[in-house]
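Okay, so here's the structure we're looking at.
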Amino acid sequence: MSRAPLSLDGVHQQTKPPAAEDRTTRLPRGLARELFTLKRDPLPKMSRPRWLAWLPHVVLSYVAIPCGVLTGMQLNDHYGVFGSAVLGLSLLTSGSVVLSMFRPIAAWWLGLVTATLIAWAIHDHVGHGQSWPLTPAGSVTLAPVILMVALRVPPRVTASVIGITLALIGLAELALRPPQSGTTIAGVALLLGFVGVLGYALRATRLARGKLVEQETLTAEERARRTLLEERSRIARELHDVVAHHMSVISIQAQVAPHLVENPSEELKENLAGIRGNALEALTELRRVLGVLRSEQPDDPANLQHPQPTLAELDGLVDNVRGAGLDVTTETAGIRRPLTPGVELTAYRIVQEALSNCLRHAPGSRVEVGIAYGPRDLHLCIANTAPTRSAPPSPGAGHGLLGMRERAGMLGGELAAGPRPDGGYEVSAVLPMDPQDRPTVPEPKTKRAS
């Protein structure tokens, strides 16, 4: 047989699981706070369309008026109660319905107090078969109030509200019911139960829709963030290829240079060896840091590494786009000459992304690709006319322009994109032919040997 654990002084102690103790003590306290609260809890507004935002308030305001009027008419005609008290009870009845739009729990308590006052006022005027403690109007008035409660509070609070209401009605019938009156507990239980279930269903639907919208927003943000990170990783891989190429060339040149000079001095050999060693060390470190951006399976046919494209391969890119059904014309101005690998790659990627956007968003349009070689800058312009047919939905996240801007900014260039007056779209970029002409940090001045 198990025994209770011993304390430090040897006395048996009865222990209770902390989680169970928290649940047993926290539930009644939390429920009591939710049942005895006057906090503001307005009806949720619909964002679209806007005219529906205040529709529930207008409907409840119109419902409150006949509830008060019907209560006054029944007190006068059915129960023979007259005087200023009838007007006050009618106003309280309408007020509970109006208050339920902003403070549902407070409106429920006001409805219970009003029902109690009405039951006390008609107790001595109840005829044979007439309902008590609730009048027919009282049952109808409690229904929208309970519905407003069920729409805003958790199900356990709604069940407690309905249970307390039915318990008070049952106790009143058992203790104070006039002999000739008819019972109302069964009809009220069915009405309030139906209203409570309806409110719970509407609340659950609203919360589920809100969570779905929130999840869709988070998913779209995560997809956009992932797309941006993938594009930056792609740029980083291409930058790694360009830098690694130049570092390899530096290493080879430093190794070959001593053989190109007759009787090179030991200082020259030492300096060239240091240059080669630093280049190899930098290349190794670069591959170690940025190598993680490569595919984890380099032998995978789907991830084969190819030489980075240049503007010399632009004709093949245009032919592929034409084969997809797009009318593309190209025009080159200036003296065509080779550029640095980074500029060649960036220019190719900008034209490639712009043509891809034309295929996705402007089917049937005519596209003009212009490349101008200036004295110091390379100018790109990709413009399309208005599409001749509707574009199918695109699965992309819409961050191609951001990637193009990052590529141009990486070289110190600029990129602009926007619609044209004729309904088309235009992407233009200016890239420096030698990014070293635009240093971000001033170069240190060195003294020339005399």
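The values are calculated or read from the model by the stated rules, or taken from the named source; none is laboratory data. Keep in mind that this is a model prediction, so the values were computed, not measured. Neighbour counts are summed over all protein chains in view; Cβ atoms, including those assigned to glycine, are modelled from backbone coordinates with ideal geometry. Please note that ligands, DNA and RNA were not included when accessible areas were found on the heavy atoms of the full protein model with its side chains. Shrake-Rupley method; radii C 1.70, N 1.55, O 1.52, S 1.80 Å.
Near the amide H of T184, within less than 5 Å, lie the amide hydrogens of W132, all on another chain or at least 5 residues away, with H placed in the peptide plane.
Label separation (L166 vs D319): 8.1 nm, computed from points 7 Å beyond Cα along the C-beta direction.
With the convex hull drawn around the C-alpha atoms of segment 66-126, the volume per residue stands at 60 Å³.
Distance between the 7 Å Cα→Cβ label points at A32 and E222: 4.2 nm. FRET efficiency for the N76 to K39 pair, using the beta carbon distance and R₀ = 41 Å, is estimated at 0.65.
Net length available on complete extension from L401 to R420 is 5.2 nm, with 0.36 nm assigned per residue and the Cα-Cα distance removed.
Rounded if a/c is under 1.5, else prolate if a/b is larger than b/c, else oblate: which is segment 164-225, with a ≥ b ≥ c the root eigenvalues of its Cα gyration tensor? Prolate, since a/c reaches 1.5 and a/b exceeds b/c.
Each residue of segment 73-82 is assigned a 3J(HN,Hα), and the resulting list reads 5, 5, 5, 6, 7, 8, 10, x, 9, 10 Hz, derived from the Karplus form 6.51 cos²θ - 1.76 cosθ + 1.60 (θ = phi - 60°), x at Gly and Pro. Couplings for segment 86-98, taken from phi via the Karplus curve 6.51 cos²θ - 1.76 cosθ + 1.60 with θ = phi - 60°, read 5, 5, x, 5, 5, 5, 5, 4, 5, x, 5, 5, 5 Hz in order; Gly and Pro are left as x.
Within a Cβ distance under 15 Å of P363, other residues only, what is the Lys/Arg minus Asp/Glu net charge? Display every interim value, and only then the final one.
On the way: positive: R322, R360, R366, R389; negative: D327.
Summing Lys and Arg as +1 and Asp and Glu as -1 gives +3.
Amide H contacts for R103 (H built 1.01 Å from N in the peptide plane; partners 5 or more residues away or on another chain; cut-off under 5 Å): D41.
Report the local net charge at D327: Lys and Arg +1, Asp and Glu -1, summed over other residues whose C-beta lies under 12 Å from its C-beta. Around D327, the surrounding residues sum to +1. Spin-label model, Q253 to Y373: label points 7 Å out along the Cα-to-beta-carbon direction sit 2.1 nm apart. Relative to its residue count, segment 64-216 spans a Cα convex hull of 94 Å³ per residue. Across segment 122-272, C-alpha contacts under 8 Å between residues 6 or more apart give a mean separation that, scaled by the residue count, equals a relative contact order of 26 percent. Evaluating 6.51 cos²θ - 1.76 cosθ + 1.60 at θ = phi - 60° for every residue in segment 418-432, the Karplus couplings come out as x, x, 9, x, 7, x, x, 8, 9, 10, 10, 9, 10, 10, x Hz, glycine and proline recorded as x. With 0.36 nm allotted per residue and the present C-alpha distance subtracted, the R206-I275 stretch has 18.0 nm of extension available. Extension gain for R360 to H57 (0.36 nm times residue separation, less C-alpha to C-alpha distance): 104.5 nm. Taking all protein chains as they are arranged and a probe of 1.4 Å, the heavy atoms of H361 leave approximately 100 Å² accessible to solvent.
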